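The values are calculated or read from the model by the stated rules, or taken from the named source; none is laboratory data. All of these numbers come straight from a predicted model, not from anything done at the bench. Cβ placement follows ideal geometry from the backbone for every residue including glycine, while neighbour counts extend to all protein chains displayed. These area figures cover heavy atoms from the full protein model, side chains too; ligands, DNA and RNA do not enter into them. Shrake-Rupley method; radii C 1.70, N 1.55, O 1.52, S 1.80 Å.
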Amino acid sequence: MLIANRGEIAIRVARTARALGFPTVAVYSDADRFAPHVQACDRAYWIGASEPRESYLNIDRIVGVAKAAGARFVHPGYGFLSERPRFVEACQRAGLVFVGPSAENMERMGDKIQARATADELQVPRVPGSAGAVKSPAEAASVASKIGYPVLLKAAAGGGGKGMRRVNEAGQIAAAFEGASREALSAFGDGAMYVEKLILEPHHVEIQVFGDGKGGAIHLGERECSVQRRHQKVLEESPSPVLNQFPDTRPRMFEAAVRITKHLRYAGAGTLEFIVDGEGNYYFLEMNTRLQVEHPVTEWVTGVDLVAMQLLLAAGELALPTEGPDRSGSSVEVRVYAEDPKNFLPAPGKIGVIDPPSGPFVRWDSAFRGPGEVSMFYDPMIAKLSVWGPTRAEALQRMRVALDELRIEAPMAPDGTREGSLKTNLGFLRRLVRNGDVLAGNTTTDLIEKHPELKAPPGGAPGREAAIAAALARMLGQAAVTQEGESGVSHSVWSWQARREGARS
Ligand code: ADP
């Protein structure tokens with residue numbers, strides 16, 4: 001099986017493939033010559049320059065390599081080509097089995113306007129808004145005045161929060177329409193827009209499904225991914241705290257998700273995303289026709305290896321059961337990013353030390369082991385850390401300990417200081433899993449905005465790391481740094497050593 005991806009997901013897929021006896025083929029770009037995902041596979045092929053367009057998005061090159069390597073299967077991971085119908089078709093033409101849904105499934109659900117029409121057809125509630133695309137700002141304004149402000153303008157082809165604008169009043173709609181449409185056109189090659197009512201303080205709840213391609217489908221429970229920055233998930237969990245408050249909503253959402261999956265004759269793993277309001281009403285948002293980043297929380301609560309299910313279904317070695325698995329306990333995942341905690345923008349950089357946590361029911365998915373570099377060419381996610389506990393409180397407790405244990409540092413320079421400053425969201429995550437609203441399960445999508453203190457670096461009481469750094473500095477005689485002017489004591493480890501040697505001689 002060729003794995004058309006990189007990073008943690010390529011490694012994760014390779015692990016299961018290996019367990020099932022599928023030899024694996026990696027692909028890599030210039031930037032990834034020495035990447036761990038290359039070592040995780042039995043063979044590896046170079047596919048081009050570092051820019052994704054030249055390598056991980058190059059359909060012809062990847063299909064050509066799969067043929068040359070004698071692969072029978074292609075797993076797309078998530079991101080990159082995982083939701084491109086053209087890639088599925090190219091694999092099929094080359095006689096390769098694409099591990100995922102059909103190109104037709106993808107096309108139908110990849111376009112959000114068509115996906116909404118499917119929901120309407122099956123009487124699954126979706127967010128009120130325009131029936132289809134709106135062609136002009138004036139048409140958008142007329143829909144908005146019917147459903148009432150605030151509204152969201154969304155791109156039919158949108159993803160990752162791109163091509164989406166909140167509009168509070170009629171006066172803002174023209175500029176928002178032009179901006180979002182232009183952004184969607186440049187990012188996705190399609191500027192079509194639709195209008196949706198903005199649901200206030202919603203929860204993001206998604207249902208994991210599997211289909212057998214013949215009209216059979218099951219669900220594997222839900223994940224709540226409400227904690228988001230820039231419309232991107234940062235903490236995910238199962239079961240969903242909001243559904244725990246509205247026990248009637250959960251089975252209805254499961255039933256709706258399975259109904260859509262069966263209707264599509266969907267094949268493989270998929271996720272139906274919904275938003276749930278403060279009264280337990282649920283609205284279909286979109287379907288992701290691939291494995292999700294946050295699939296480990298489902299694996300924790302179900303005990304099912306989702307990649308194994310994907311592979312066995314694609315290989316025709318598994319008959320889909322009629323019911324999904326039982327679920328038990330509670331799982332939480334956080335995404336560790338190289339990003340500026342102040343504005344959550346990517347901050348690529350070099351990693352010197354990475355010391356992951358371990359312990360009972362702790363899982364670490366990462367492509368970083370020891371020194372490495374978060375490349376500017378790709379997603380700046382460093383790792384996913386997930387835990388399980390018999391209850392949500394215990395899972396969160398394990399997560400707090402695991403995050404405290406995790407160490408990520410910039411490389412050491414010869415003078416003993418840390419080179420540059422690797423920016424990560426680790427401090428943010430540590431504060432997040434202690435936040436009162438997170439602990440109480442009040443995880444609406446505006447949680448991070450509501451708590452600006454989450455972004456603040458720890459002032460006042462020093463954290464564990466700061467305390468250790470201070471103790472080390474004292475040991476190394478660096479405390480003199482602050483009085484450098486007076487004492488003339490220089491502050492590098494080496495000069496400290498030289499002084500000691502001088503004293504000995
Ligand atoms: P993308 O494909 O870009 O991720 P989605 O449609 O999945 O876009 O929306 C991303 C996030 O934006 C959702 O998880 C939710 O938090 C928020 N969102 C989307 N639509 C609405 C809406 N109508 N009302 C409130 N929040 C929304």
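Tabulated data
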read-out	value
Residue within segment 199-214 that is over 24 Å from the mean Cα position of the chain (by Cα), near the ligand (Cβ under 10 Å from one of its atoms), open to solvent by 10 Å² or more (accessible area, probe 1.4 Å) and more than 16 Å from Ala256 (Cβ to Cβ) present	no
Matching residues in segment 147-178 - criterion: being more than 25 Å from the chain's Cα centre (by Cα) and within 15 Å of the ligand (Cβ to nearest atom)	Ile147, Gly148, Tyr149, Pro150, Val151, Val167, Asn168, Ala176
Evaluation of Asp120 against (1) within 16 Å of the ligand (Cβ to nearest atom); (2) of a type in the set (D, E, K, R); (3) crowded, with 16+ Cβ neighbours inside 10 Å; (4) more than 21 Å from Ala269 (Cβ to Cβ) (one fails), failing number	(3)
Whichever residue in segment 218-237 is away from the ligand (no atom under 16 Å from the Cβ) and either open to solvent by less than 10 Å² (accessible area, probe 1.4 Å) or of a type in the set (D, E, K, R) (or both) and, among such residues, is nearest to Gly148 (Cα to Cα)	Gly221
Every pair of residues 6+ apart whose Cβ atoms lie under 7 Å, when the first sits in segment 201-215 and is at positive phi while the second is of a type in the set (A, V, I, L, M)	Gly213/Ala267
All positions within segment 258-294 that are more than 16 Å from the ligand (Cβ to nearest atom) and on the phi < 0 side of the Ramachandran plot	Val258, Arg259, Thr261, Lys262, His263, Leu264, Tyr266, Ala267, Ala269
Considering residues of segment 311-358 that are farther than 30 Å from Pro101 by Cα and basic (Lys, Arg) only, the residue surrounded by the most Cβ atoms within 10 Å (Cβ to Cβ)	Lys350
Within segment 250-281, tally of residues that are open to solvent by less than 10 Å² (accessible area, probe 1.4 Å) and in a helix (DSSP H, G or I)	5
Some residue of segment 361-379 being within 26 Å of Met164 (Cα to Cα), in contact (Cβ under 8 Å) with a residue 40 or more places away in the chain and either within 16 Å of the ligand (Cβ to nearest atom) or among the charged types (D, E, K, R) (or both)	yes
Within segment 1-79, strands (runs of 3 or more DSSP E) holding 1 or more residues that are in contact with a Cys (Cβ under 7 Å, 6 or more places away or on another chain)	25-29, 73-75
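Yes or no, residue by residue, for (1) closer than 27 Å to Arg6 by Cα; (2) assigned to a loop (DSSP other than H, G, I, E, B); (3) touching a helix residue (DSSP H, G or I) at 6+ places or on another chain (Cβ under 9 Å):
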site	(1), (2), (3)
Ser358	yes, yes, yes
Asp379	yes, yes, yes
Glu394	no, no, no
Ala402	yes, no, no
Asp415	no, yes, yes
